[in-house]
Structures are given as C-alpha cells and as structure tokens.
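**Student:** Before we start, here is the structure in question, set down as structure tokens.
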Amino acid sequence: MRIRAMCLIPVAWGAVVLAQTPPKQASDEAAVREVVRQYVNARERRDPRATEALFTADADQLTTSGEWRKGREAIVKGTQVSSERNPGQRAIRIETVRFPLPDAAIADGPYEITGPSDGGSRKMRTTFFLVRTPQGWRISAIRNMMPTGNR
C-alpha cells in the first residue's frame, strides 16, 4: 500500500503542474501576439523608439530581398528605410504560436502590404522568434519569405 501511495505522488504532482500549464500558455500566447501587433503598429507609425523597444539587443531579421539585418540598431534603421521604400499598410495575422521551450515562442502567419506605390499588394509569410526577458516577451528574430505557391 505504501509503495502504491508513493507511486501516486508523482502522478498527482504531474496532474497539478499540467492543470496549471494551459492558462499560463494562453496568457503567454496572448502576450506574444500583442508584441507582434505592437511591432506592426510601430512600423505603421514609423516610430523607431517603439520599434527598438520590442527587440532583443542581438536580434536579427532576414528580409524577402535577402538583406540580413543583424542587431537591434540595424533592424530599426532597416525597418524605417523599408517603410519609406514600401509605403503601403502592413498587416500580419499570426496563425500559430508554439512554445518549443517555456521562454521561447515561434509565431507564424501571413504578412501583407497593401496599397504600396504601385497600387497592388504584396503577400508574404513571416515567422517571429520571441524570447521571454525580464522586461517581457521580445523579438529575437524575424524571417520574412515570399510564398512559392506550396503552402
């Protein structure tokens, strides 16, 4: 009986931990989505300070043109130039968020710039890699890509 009780303790403890995971993960997912929303808004406002606050110091971004922006300063400068060069309205719709580690998130979804200078729209895909910092979730990497038709 005592052995059976000892075996049930880890099972019960695991159930308690698992029961607490979904609300935390749900709040983390909402926080990740909020950071992406803030990123889009900061770009739309062309606000370098707001953009800078969303990234880790060592963040990087690979653009659809193949430019690799390394470091927060290069990302902020590049996004400002890119927003002027491609002046349409940006929209990112995060479809999935997953947590490969408790303090790391991958967010994916379509990225569209509508109404650019040529009057059309540019449809892409984007992936954000975010990490939990003492200041909250921050963007560590962005990968933008042009779809090939195979989704």
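**Student:** List the strands (runs of 3 or more DSSP E) inside the range 40-151, counting only whole elements, that have at least 2 residues being not basic (Lys, Arg).
**Tutor:** Once the strands (runs of 3 or more DSSP E) in the range 40-151 are filtered for at least 2 residues that are not basic (Lys, Arg), what remains is 55-62, 89-92, 96-101, 104-114, 121-133, 136-145.
**Student:** Every residue in the range 106-151 that is of a type outside the set (Gly, Ala, Ser) and modelled with pLDDT under 85, please.
**Tutor:** Once the filter is applied, which keeps residues that are of a type outside the set (Gly, Ala, Ser) and modelled with pLDDT under 85, the range 106-151 yields Pro116, Asp118, Pro147, Thr148, Asn150, Arg151.
**Student:** Within the set of pairs 6+ apart or on separate chains, which have a first residue in the range 25-53 that is under 16 Å from Glu84 (Cβ atoms), a second that is in a loop (DSSP other than H, G, I, E, B), and C-beta atoms under 7 Å apart?
**Tutor:** Pairs that qualify, where the first residue is under 16 Å from Glu84 (Cβ atoms) and the partner is in a loop (DSSP other than H, G, I, E, B), are Ala42/Leu54.
**Student:** Looking at Val40, Val35, which one is aliphatic (A, V, I, L, M), touching a Phe, Trp or Tyr at 6+ places or on another chain (Cβ under 8 Å) and at pLDDT 65 or above?
**Tutor:** Val35
The values are calculated or read from the model by the stated rules, or taken from the named source; none is laboratory data. This one's a predicted model, so the numbers in the text were calculated from it and none came from an experiment. Quick reminder, even Gly has a Cβ in these numbers, built from the backbone with ideal geometry, and neighbours come from all protein chains shown.
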